[in-house]
1. Take the residues in region 188-214 that are open to solvent by less than 60 Å² (accessible area, probe 1.4 Å) and modelled with pLDDT under 85, then tell me which one is nearest to residue 325 (Cα to Cα).
2. Go through (1) at pLDDT below 90; (2) touching a strand residue (DSSP E or B) at 6+ places or on another chain (Cβ under 9 Å) one by one and return the number of the condition residue 184 breaks.
3. Considering each residue of region 77-99, count those that are farther than 18 Å from residue 144 by Cα and open to solvent by less than 20 Å² (accessible area, probe 1.4 Å), and give that number.
4. Go through (1) assigned to a helix (DSSP H, G or I); (2) at pLDDT below 90; (3) within 27 Å of residue 191 (Cβ to Cβ) for residue 110 and report which single condition fails.
5. For region 21-77, name all the residues that are in a helix (DSSP H, G or I), within 12 Å of the ligand (Cβ to nearest atom), among the aliphatic types (A, V, I, L, M) and over 28 Å from residue 143 (Cβ atoms).
6. Looking at 156, 148, which one is modelled with pLDDT of 90 or more, over 28 Å from residue 72 (Cα atoms), in the same structural domain as residue 53 (by TED's automatic domain parsing) and touching a Ser or Thr at 6+ places or on another chain (Cβ under 7 Å)?
7. Just to be sure before I move on: is residue 341 open to solvent by 10 Å² or more (accessible area, probe 1.4 Å) and more than 16 Å from the ligand (Cβ to nearest atom) in the structure I sent?
8. Testing residue 18 on (1) more than 9 Å from the ligand (Cβ to nearest atom); (2) open to solvent by 50 Å² or more (accessible area, probe 1.4 Å), one condition comes back false. Which one is that?
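The values are calculated or read from the model by the stated rules, or taken from the named source; none is laboratory data. Predicted model only: the values in this text are computed from it and were never measured. Please note: Cβ atoms are built from the backbone with ideal geometry, for glycine as well, and neighbour counts cover all protein chains shown. Only protein heavy atoms, including side chains, enter the accessible area calculation; ligands, DNA and RNA are left aside. Shrake-Rupley method; radii C 1.70, N 1.55, O 1.52, S 1.80 Å.
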Amino acid sequence: MTKEIEQFTQLGIGEALTAALLEYGIDKPSPIQAEAIPPILEGRDVLAQSQTGTGKTLSYLLPLLQKIDAEKKESQVLVIAPTQELAMQIVREGEKYGAPIGIGTIGLIGGASAARQVEKLRQRPHLVVGTPGRLRELLSTRKLKLHEVRTIVLDEADQIFQMGGADDVRGLLKGALRDRQLIFLSATLGQDVRGLASREMRDPVDVGIEPEQKLAKSTQHLYFVCQERDRIDTLRRVVRHYNPQRVIVFVNQTETIAEVEAKLNHLGLEARTLYGDSDKVTRATVLSQFRSGKFRLLVATDVAARGLDIPGLELVVHLDPAADSEHYVHRAGRTGRMGRKGLSVSIVTDRQAFIMRKFSRELDTPIVERALYEGAVLSPEEADERRSGASRRTPKKPADPSSNKRNETTASSSAARSHASSFGAADPVRSEAPQRAAAPSGANAGKPSAPAGRGPKGGKKQPNKDKGAPKWLKDKRSTE
Ligand code: AMP
């Protein structure tokens, strides 16, 4: 276990940087910073498994900025990032903390004018940050020279590999000094990253923040089941219920993203899109407008939103379920950063619900089913009960699992409550906990359990004889 480190100075960070950090309200190192800063200052190779939102960028930038010799006009540190957005984010941090101590930073990213970047490179900025393709291109045309680079960082190394950057990275490593410090940061340490580390690193220091805990503990994970055609409407109701300032909405396909944007705007939800193919200027504008709160919903693909840091983002919605648990981790990691509360909501059809159970198992994290009923977020059973308006609890669907699931839902009710209040919404699940506790034994069967004034309304619309209908049909009828 790491001992509590109270101050950056205890880690060897100098006063100028510490003062700059304080200006941005950063006064205490995060756990990954406490672990990574000392070996990086010593010049050791570091392999860090870092879940996103833990302060990983500053965990390497601070010691590297400190080690840069600002007097020398040489490019001394190279940071490689998978996407333009992440690269620009790192550039911004580099400028924020580097400029006050005389350190120059440059971003070399695809999509932007290469000529201007080459021009700026002539001034030999100390810190070079870029995406693999553009860096490799500039290296092969000898515009970028790496013979003075003493440290190379791969940020989100797993993503660099997944996005096909392996060759570029190999080329860049080849073009640099043999005797350089290597730092790899990755949310997941797969074969590729481990392989490269074992080939290229010398006696690396492993920095792992609870490697088993891939998802931030402060994030709650829910899913809502609806019909395919009701996805957008379910999203609208989720947003209306939680009422967050900003939401990232993930979709799986670039082809339909404009249609999703149009539908959301039609519903008055102020949405804009971010996807891999959009040009650099548009992407930068969209992101800065989103950061400053000019619109509320950012509809994005996985690639576009990878590594994005939107401080205080309260809600991530998976309008399409993530492709696998690794993508889920990256998406959900946009919220709940630096210990803040976060909420990750997936919208799935009945046939996709098993995916949520699979992710939950693989990530060892509760991902809990919830249902929307008249604007309230309820357990599916309670929603059924309110719909039917009957005193008898509707039996669980056979697909709904096991004792394990029971624990999840019970645990989640208090978390759901705290979420609702943390977003300033009325607490929708006040009555839930006692009912959930009673549900497994069925002890409450036959007793009215809905709070006064809520239940009977739905009952008139949805008599018990509709019980045989599929769940989605009952859902649909009762909420219309
Ligand atoms: P990252 O994991 O690098 O994407 O950082 C997530 C966010 O945490 C960024 O907005 C950082 O500015 C912020 N941050 C980094 N280190 C700290 C710290 N020690 N205390 C508070 N906030 C921090």
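1. Taking the candidates together, the pick is 188.
2. Condition not satisfied by residue 184: (1).
3. Adding up the residues that qualify gives 8.
4. Of (1) assigned to a helix (DSSP H, G or I); (2) at pLDDT below 90; (3) within 27 Å of residue 191 (Cβ to Cβ), only one is false for residue 110: (1).
5. Correct list: 21, 22, 32, 34, 36, 37, 58, 62.
6. Values: 148 fails: over 28 Å from residue 72 (Cα atoms).
Result of the check over 156, 148: 156.
7. Numbers: open to solvent by 10 Å² or more (accessible area, probe 1.4 Å): yes; more than 16 Å from the ligand (Cβ to nearest atom): no.
Against the criterion (open to solvent by 10 Å² or more (accessible area, probe 1.4 Å) and more than 16 Å from the ligand (Cβ to nearest atom)), residue 341 does not qualify.
8. Condition (2) is where residue 18 drops out.
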